[in-house]
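Engineer: What follows is a single structure, and I will ask about it in a moment.
The values are calculated or read from the model by the stated rules, or taken from the named source; none is laboratory data. None of the values given here were measured: they were computed from a predicted structure. Ideal geometry is used to build each Cβ from the backbone, glycine not excepted, and the neighbour counts take in all protein chains shown.
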Amino acid sequence: MSKKFLSSIAVTALTLALLVTGCGTQPSAPATPSTPPAAGGGDIKIGLPLPMTGSEATYGKDMENAIKMAVDEINAKGGVNGKKIATVTGDDACDPQQATAAANKLVSQGVVAIVGGYCSGATVPTLTIYNEKNIPFVVTAANSSKIAAQNPGNTFEINGTAVHQTQKAIELFKKLGAKNVALVEQGDAYSSDLAKQTEDSWKAAGNTVVSHDVTNKGEQDFSSLVTSLKSKNADLVFWTAYYADGALLIKQLRQGGYKGAIVVGDGSSDPKLIEMAGAAGEGTYVLSPPVAEYLPTAKQFADAYKAKYNQTPGAYAPLAYDGMNLMADALKRAGSTDGRATIKALSDTKDFVGLAGKINFAADKTLKESNFIVLQIKSGKFVLQ
């Protein structure tokens with residue numbers, strides 16, 4: 001065939017292709033981009049690593065609800081720097097391996113900031129994953145001292161730390177007149193850290209720790225532990241882990257005839273502790289984060305939360321709400337979604353007013369002043385002490 005004929009064919013083919021495209025027929029799907037586009041075609045995408053399954057899922061859902069309430073309010077006011085916030089939840093199930101997988105997935109989805117973190121054991125292994133991408137992380141609940149010790153520079157804690165909680169625990173033990181204290185933990189980052197720091201502080205004050213036991217997560221039979229605690233004349237038992245197993249231990253302690261005081265850490269500060277422990281839970285003391293019910297500044301939030309979700313906000317709802325608002329404020333002050341700029345803005349935070357009080361950070365990027373409170377179960381309800 002002649003060159004002139006071949007050229008004619010090419011022109012005809014090109015014309016047909018243009019006509020087909022002009023009629024609205026879609027071309028073949030393009031290759032999947034290496035980096036996923038931002039949510040909503042330019043929204044600010046923020047990741048929420050939370051336990052959405054497993055024994056701590058109640059906490060995770062509660063925190064997600066509160067964070068999304070904050071996002072709705074922020075977006076209704078125009079968003080941040082002219083853009084809306086979109087959230088992506090990653091289920092860490094309070095499990096280190098699943099948390100690592102969830103963190104990597106959030107990064108691959110293009111998040112520019114992280115708000116969340118409930119279980120310390122699931123939070124610690126994700127710190128460097130976010131930091132390697134200069135992604136700022138506001139931790140709203142997890143508070144093991146390992147977070148500050150291993151903080152690569154991008155992480156900011158707005159819950160009181162294990163140091164703060166230990167101080168509150170020691171104050172309570174002294175108030176209750178305890179001398180011989182028994183500690184029970186589960187070996188995870190959070191409960192182990194709290195138990196160890198409490199033991200060291202209690203002994204340093206000239207008191208006695210009669211036992212320091214480690215139980216397995218999901219354990220059903222505490223009978224041998226109950227017998228041991230009674231034989232050692234513990235006048236106070238401090239459970240430093242989570243409510244699901246803590247409620248069962250409380251029931252078996254009381255059923256086994258233990259008469260001393262029972263104190264639980266903030267991992268058990270959930271109304272489900274009351275429900276699961278039943279009558280055996282009466283009198284139990286609970287170290288708690290700033291719960292909305294006891295915060296005068298949180299009444300409007302609590303009412304709105306209940307109207308939206310038909311339930312009372314849980315123990316970490318105020319902190320989760322504050323965490324998202326703090327991140328939005330830092331992004332505004334940074335003037336962009338650049339990670340380094342946002343991390344600097346978070347570091348420079350001064351007297352940010354949240355539901356749980358003012359937020360300022362110490363040199364190690366933990367909350368500067370404690371926000372823990374003490375509750376007691378009375379007549380089936382938490383009562384502020």
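Engineer: Quick check, is residue 369 assigned to a loop (DSSP other than H, G, I, E, B) and over 25 Å from residue 46 (Cβ atoms)?
Structural biologist: Yes; evaluated as a whole, the condition is true for this residue.
Engineer: I'd like to verify a number: residues in region 275-286 that are assigned to a helix (DSSP H, G or I), of a type in the set (A, V, I, L, M) and surrounded by 21 or more Cβ atoms within 10 Å (Cβ to Cβ), how many?
Structural biologist: Residues flagged as assigned to a helix (DSSP H, G or I), of a type in the set (A, V, I, L, M) and surrounded by 21 or more Cβ atoms within 10 Å (Cβ to Cβ) within region 275-286 amount to 1.
Engineer: Next up: Considering (1) assigned to a helix (DSSP H, G or I); (2) crowded, with 22+ Cβ neighbours inside 10 Å; (3) out of contact with any Leu (no Cβ under 6 Å at 6 or more places or on another chain), say which one residue 332 fails and leave the rest.
Structural biologist: Here residue 332 clears every test but (2).
Engineer: Would you confirm whether any residue within region 98-105 is surrounded by 19 or more Cβ atoms within 10 Å (Cβ to Cβ), in the same structural domain as residue 55 (by TED's automatic domain parsing) and of a type in the set (S, T, N, Q)?
Structural biologist: No, there is no match, as no residue in region 98-105 is surrounded by 19 or more Cβ atoms within 10 Å (Cβ to Cβ), in the same structural domain as residue 55 (by TED's automatic domain parsing) and of a type in the set (S, T, N, Q).
Engineer: Which of (1) part of a helix (DSSP H, G or I); (2) assigned by TED's automatic domain parsing to the domain that holds residue 229 is the odd one out, the single condition residue 258 does not satisfy?
Structural biologist: (1)
Engineer: In this structure, does residue 218 turn out to be surrounded by fewer than 17 Cβ atoms within 10 Å (Cβ to Cβ), part of a loop (DSSP other than H, G, I, E, B) and either of a type in the set (A, V, I, L, M, F, W, C) or in contact (Cβ under 8 Å) with a residue 24 or more places away in the chain (or both)?
Structural biologist: Against the criterion (surrounded by fewer than 17 Cβ atoms within 10 Å (Cβ to Cβ), part of a loop (DSSP other than H, G, I, E, B) and either of a type in the set (A, V, I, L, M, F, W, C) or in contact (Cβ under 8 Å) with a residue 24 or more places away in the chain (or both)), residue 218 qualifies.
Engineer: From the list 213, 193, 200, 235, exactly one residue is in contact with a Leu (Cβ under 9 Å, 6 or more places away or on another chain) and under 30 Å from residue 126 (Cα atoms). Which is it?
Structural biologist: Exactly one of 213, 193, 200, 235 is in contact with a Leu (Cβ under 9 Å, 6 or more places away or on another chain) and under 30 Å from residue 126 (Cα atoms), namely 213.
Engineer: Looking at 298, 315, which one is assigned to a loop (DSSP other than H, G, I, E, B) and small (Gly, Ala, Ser)?
Structural biologist: Checking each option against the conditions leaves just 315.
Engineer: Name the single residue that is nearest to residue 131 (Cα to Cα) among those in region 338-364 being touching a Ser or Thr at 6+ places or on another chain (Cβ under 7 Å) and crowded, with 21+ Cβ neighbours inside 10 Å.
Structural biologist: 359
Engineer: Could you identify the single residue in 335, 357, 339 that is more than 16 Å from the chain's Cα centre (by Cα) and under 26 Å from residue 284 (Cβ atoms)?
Structural biologist: None of the others qualify; the one that does is 357.
Engineer: Going through region 167-211 one residue at a time, which ones are buried (at least 17 other Cβ atoms within 10 Å of the Cβ), charged (D, E, K, R) and more than 13 Å from residue 237 (Cα to Cα)?
Structural biologist: 168, 188, 193, 196
Conditions (1) of a type in the set (A, V, I, L, M, F, W, C); (2) at pLDDT 95 or above, marked per residue:
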| site | (1), (2) |
| --- | --- |
| 251 | no, yes |
| 255 | no, yes |
| 265 | no, yes |
| 282 | no, yes |
| 295 | yes, no |
| 303 | no, yes |
| 326 | yes, yes |
| 333 | no, yes |
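Engineer: I would also like to ask the following. Which condition number does residue 73 fail, the rest of (1) at pLDDT below 50; (2) of a type in the set (D, E, K, R); (3) under 30 Å from residue 129 (Cβ atoms) being met?
Structural biologist: Status for residue 73: all satisfied but (1).
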